Amino acid sequence: METDGVLIERSARGRPDAFVEVVRRHEVAVHAFLARRAGRQAADDLLGEVWVRAFGGRAGFDPAHSDARPWLYGIARNVLRAHWRAGRPADQAGVPEAVDPWDDVIDRLDSAAAARTREMVGAVRALPPEEREVLLLVAWEQLTPAQAALVLGIPPGTARSRLHRARAALRPVLAGEGP
């Protein structure tokens, strides 16, 4: 099986049909990334824009990377930012509101578990945005810290440091000691 890097490079060099395999491999993951942050309906609408931008920018992809997912998540993140900016009043621009897919799940849990879950969600929301984003990329999207760094455009050491701080902040909540 050819790597994403090989397929994207082939696509950029005159075989645009090779990009179809990259889409096939990653469409579910990229849609889930968008849905967790903007809801399923918005994700359905935004997914096409991600593929258009990825196809248009494929010549800039480094074929040494065998997995295109971090690159695609970076594009999806930029599409989400544009979506949030376009849909918010000017006084709220630049402050994306996190969409919490767990609210429906919490409603179905028993009260003790729901209270604990709310406490954890509150602790995650209380994290600085930079730490929260690395944590969510590693936990939700199952990226390595190095891959999360690629998505965010930061050095891998910075991503590891932010992840460590986020985990340290959440450890007391997980241990039942409160935030």
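The values are calculated or read from the model by the stated rules, or taken from the named source; none is laboratory data. None of these values were measured; they are calculated from a predicted model. All Cβ positions, even for glycine, are placed from backbone atoms using ideal geometry, and neighbour counts span all protein chains on display. In case anyone asks, the SASA skips ligands and DNA or RNA and just uses the protein heavy atoms, side chains included. Shrake-Rupley method; radii C 1.70, N 1.55, O 1.52, S 1.80 Å.
For the reader, a short list of remarks on this structure follows.
- Listed by position, the helices (runs of 4 or more DSSP H) contained in the stretch 68-179 that have at least 3 residues being within 30 Å of E2 (Cβ to Cβ) and modelled with pLDDT under 95 are 69-86, 129-139, 145-152.
- Criterion violated by F33 - all others in (1) open to solvent by 20 Å² or more (accessible area, probe 1.4 Å); (2) touching a residue at least 40 places away in the same chain (Cβ under 8 Å); (3) within 12 Å of Y73 (Cα to Cα) satisfied: (1)
- Selection within the stretch 49-66: residues that are open to solvent by 40 Å² or more (accessible area, probe 1.4 Å) and small (G, A, S). The member of this set that is nearest to the chain's Cα centre (by Cα) is S66.
- Flag if V20 is touching a residue at least 24 places away in the same chain (Cβ under 8 Å), more than 18 Å from L152 (Cβ to Cβ) and either open to solvent by less than 50 Å² (accessible area, probe 1.4 Å) or out of contact with any helix residue (DSSP H, G or I) (no Cβ under 8 Å at 6 or more places or on another chain) (or both): no
- Of the residues making up the stretch 1-17, those that are open to solvent by less than 30 Å² (accessible area, probe 1.4 Å) and closer than 18 Å to Y73 by Cβ are D4, G5, L7, I8.
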